[in-house]
Amino acid sequence: MPRSIILSLTLIAAPSLIAQTVHSTADLQQREAKLLATAKGAATGLGTDIMDDYGNDRTLLVVRVHSGDPERHQLWADQMIVKKGTITLVTGGTMQGEHPNGTAPGETLGTSIEGGKETVLHPGDIAHIPAGVPHQAKIAPGTTVTYLVFKEKSK
């Protein structure tokens, strides 16, 4: 096949290869409002929306009105960016009462983390949690937090 035809076919296919998703501020606010209602009505105090899923990476919007359970993802690293509120992020240590999550392979939940490091995160702060590291998002009673999570599958 002549090079010019191959180049033409490549250029035609290129937009789909470099497709991008843009989430406007209005879109995020609308999603956040729905998630807040979900979180307030859930026993877990959690509302989450998978905004994008590209197989090896995902983007989630999370709203919490209660602290979350400790968790560990064997297959995914998390990059967390706080939008609103304050989170005490506990990482590392030993997860107590660890058991399979049941909703995703390689994910476990626990009852607490012993010996983990606590870091207070404010709006605009970014935290990276490598795959396999126990972590927990704690929030003060009566508060609400919103954050983005960019998940990347470990290789």
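Observations on the structure shown:
- Filter result for Ile113 (closer than 23 Å to Gly41 by Cβ, of a type outside the set (S, T, N, Q), open to solvent by less than 50 Å² (accessible area, probe 1.4 Å) and touching a residue at least 12 places away in the same chain (Cβ under 8 Å)): no
- Subset of segment 116-155 that is among the basic types (Lys, Arg) and exposed (fewer than 12 other Cβ atoms within 10 Å of the Cβ) - its residue that is modelled with the highest pLDDT: Lys117
- Checked against (1) within 18 Å of Glu152 (Cα to Cα); (2) modelled with pLDDT under 95, Gly68 meets all criteria but (1).
- Within segment 65-82, restricting attention to residues that are under 12 Å from the mean Cα position of the chain (by Cα) and within 12 Å of Thr146 (Cα to Cα), the residue that is surrounded by the fewest Cβ atoms within 10 Å (Cβ to Cβ) is Ile81.
- Scanning segment 64-82 for residues that are within 17 Å of His128 (Cβ to Cβ) and among the basic types (Lys, Arg) yields one hit, Arg72.
- Residues of segment 34-82 satisfying the condition of being in a loop (DSSP other than H, G, I, E, B), touching a Gly at 6+ places or on another chain (Cβ under 7 Å) and more than 19 Å from Gly92 (Cα to Cα): Val65, His66
- Among the residues of segment 83-110, those identified as more than 21 Å from Asp57 (Cβ to Cβ), touching a Pro at 6+ places or on another chain (Cβ under 9 Å), open to solvent by 50 Å² or more (accessible area, probe 1.4 Å) and not β-branched (Val, Ile, Thr) are Lys84, Gln96, Glu98.
- Residue list for segment 41-63, filter: under 24 Å from Lys155 (Cα atoms), under 9 Å from the mean Cα position of the chain (by Cα) and without any contact (Cβ under 8 Å) to a residue 40 or more places away in the chain: Ile50
The values are calculated or read from the model by the stated rules, or taken from the named source; none is laboratory data. Keep in mind that what you see is a predicted model, and the values were worked out from it rather than measured. All Cβ positions, glycine included, derive from the backbone under ideal geometry; neighbour counts span all protein chains shown. Note: areas computed on protein heavy atoms with side chains; ligands, DNA, RNA excluded. Shrake-Rupley method; radii C 1.70, N 1.55, O 1.52, S 1.80 Å.
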